[in-house]
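Visitor: Have a look at the structure that comes next, please.
The values are calculated or read from the model by the stated rules, or taken from the named source; none is laboratory data. The shown structure was predicted, so the numbers you read here are calculated from the model rather than taken from an experiment. Quick reminder, even Gly has a Cβ in these numbers, built from the backbone with ideal geometry, and neighbours come from all protein chains shown.
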Amino acid sequence: MICEDIHEFVDALPDHRAIAGLDLGDKTIGVAVSDTLLCVATPLETIRRRKFGLDAARLIEIITARNIAGLILGLPFNMDGSEGPRCQSTRAFARNLSRLSDLPIGYWDERLSTVAAERALLEADTSRKRRSEVIDHVAAGYILQGALDRMSYLKNNA
């Protein structure tokens, strides 16, 4: 089930189960997971993209192993807020994945998430080689944390 609105996504989630965040790139998929209280996002891994079937199989393995209740996909809007080819690609990925899983899939504006992740890694004095290894799943953590913070705000102000 694809949820265009974060409210719809929150309503579709069962209680006390983690969710995952994805940063979809052309060559990699960054994956982050939350805790069961939906408070903290933790970067998990970067999947090297090959074919959709293989990428989806790895995601399903993660979803199953971690009892994931929903997915947040970073939606790469243009800086002016419009949707370009990368947004269309992300939406197509979500449609294809929704055919393989009944989990709710939501979107989160990912503008500047990679920039924020890069800055955090630089501040942590991470080597260039290590930054290139972890940047995608750290960016997924930023995307997921943004969605978790918004979801917490919605629950506390409902």
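Visitor: Asp80 fails exactly one of the following numbered conditions: (1) part of a loop (DSSP other than H, G, I, E, B); (2) within 20 Å of Ala139 (Cβ to Cβ); (3) among the acidic types (Asp, Glu). What is the number of that condition?
Guide: Result: Asp80 passes all but (2).
Visitor: Across the stretch 84-101, what is the number of residues that are surrounded by 14 or more Cβ atoms within 10 Å (Cβ to Cβ), among the hydrophobic types (A, V, I, L, M, F, W, C) and out of contact with any strand residue (DSSP E or B) (no Cβ under 8 Å at 6 or more places or on another chain)?
Guide: Residues meeting the conditions: 1.
Visitor: Just checking, does the stretch 42-53 include any residue being within 16 Å of the chain's Cα centre (by Cα) and within 18 Å of Ile105 (Cα to Cα)?
Guide: First, the residues of the stretch 42-53 that are within 16 Å of the chain's Cα centre (by Cα): 42-49.
With within 18 Å of Ile105 (Cα to Cα) added as a condition, the list becomes none.
Taking every residue of the stretch 42-53 in turn, none turns out to be within 16 Å of the chain's Cα centre (by Cα) and within 18 Å of Ile105 (Cα to Cα).
Visitor: Take the stretch 35-72 and flag every residue that is hydrophobic (A, V, I, L, M, F, W, C) and assigned to a loop (DSSP other than H, G, I, E, B).
Guide: Passing the criteria: Leu37, Leu38, Cys39, Val40, Ile68, Ala69.
Visitor: Taking the stretch 43-98 on its own, how many of its residues are within 19 Å of Glu8 (Cα to Cα) and among the charged types (D, E, K, R)?
Guide: Counting residues in the stretch 43-98 that are within 19 Å of Glu8 (Cα to Cα) and among the charged types (D, E, K, R) gives 2.
Visitor: What is the number of the single condition among (1) acidic (Asp, Glu); (2) surrounded by fewer than 17 Cβ atoms within 10 Å (Cβ to Cβ); (3) not in a loop (DSSP other than H, G, I, E, B) that Asp23 does not meet?
Guide: (2)
Visitor: Considering (1) loosely packed, with under 12 Cβ neighbours inside 10 Å; (2) in contact (Cβ under 8 Å) with a residue 40 or more places away in the chain; (3) of a type in the set (Val, Ile, Thr), say which one Ile68 fails and leave the rest.
Guide: For Ile68, the exception is condition (1).
Visitor: Something else: Quick one: Val115 ticks every box in (1) at pLDDT 90 or above; (2) surrounded by fewer than 14 Cβ atoms within 10 Å (Cβ to Cβ); (3) under 16 Å from the mean Cα position of the chain (by Cα) except a single one, so which number is it?
Guide: Condition (1) is where Val115 drops out.
Visitor: Can you spot a residue in the stretch 86-95 that is assigned to a loop (DSSP other than H, G, I, E, B), over 14 Å from the mean Cα position of the chain (by Cα) and touching a residue at least 24 places away in the same chain (Cβ under 8 Å)? So that I can check it myself, show each step before the final result.
Guide: Here is the first cut: in the stretch 86-95, the ones assigned to a loop (DSSP other than H, G, I, E, B) are none.
No, the stretch 86-95 contains no residue that is assigned to a loop (DSSP other than H, G, I, E, B), over 14 Å from the mean Cα position of the chain (by Cα) and touching a residue at least 24 places away in the same chain (Cβ under 8 Å).
Residues are listed down the side, and each one gets a yes or a no for (1) touching a strand residue (DSSP E or B) at 6+ places or on another chain (Cβ under 8 Å); (2) at pLDDT 75 or above; (3) of a type in the set (A, V, I, L, M, F, W, C):
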site	(1), (2), (3)
Ile68	yes, yes, yes
Ser82	no, yes, no
Leu103	yes, yes, yes
Arg119	no, no, no
Arg128	no, no, no
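Visitor: Could you please tell me which pairs satisfy a Cβ distance under 8 Å, a separation of 6+ or placement on different chains, a first residue in the stretch 134-158 that is within 26 Å of Thr46 (Cβ to Cβ) and of a type in the set (Phe, Trp, Tyr), and a second residue that is outside any helix (DSSP H, G or I) and modelled with pLDDT of 85 or more?
Guide: Tyr142/Ala41
Visitor: Let me ask something else about it. Restricting to the stretch 130-158, count the residues that are crowded, with 19+ Cβ neighbours inside 10 Å and at pLDDT 70 or above.
Guide: 14
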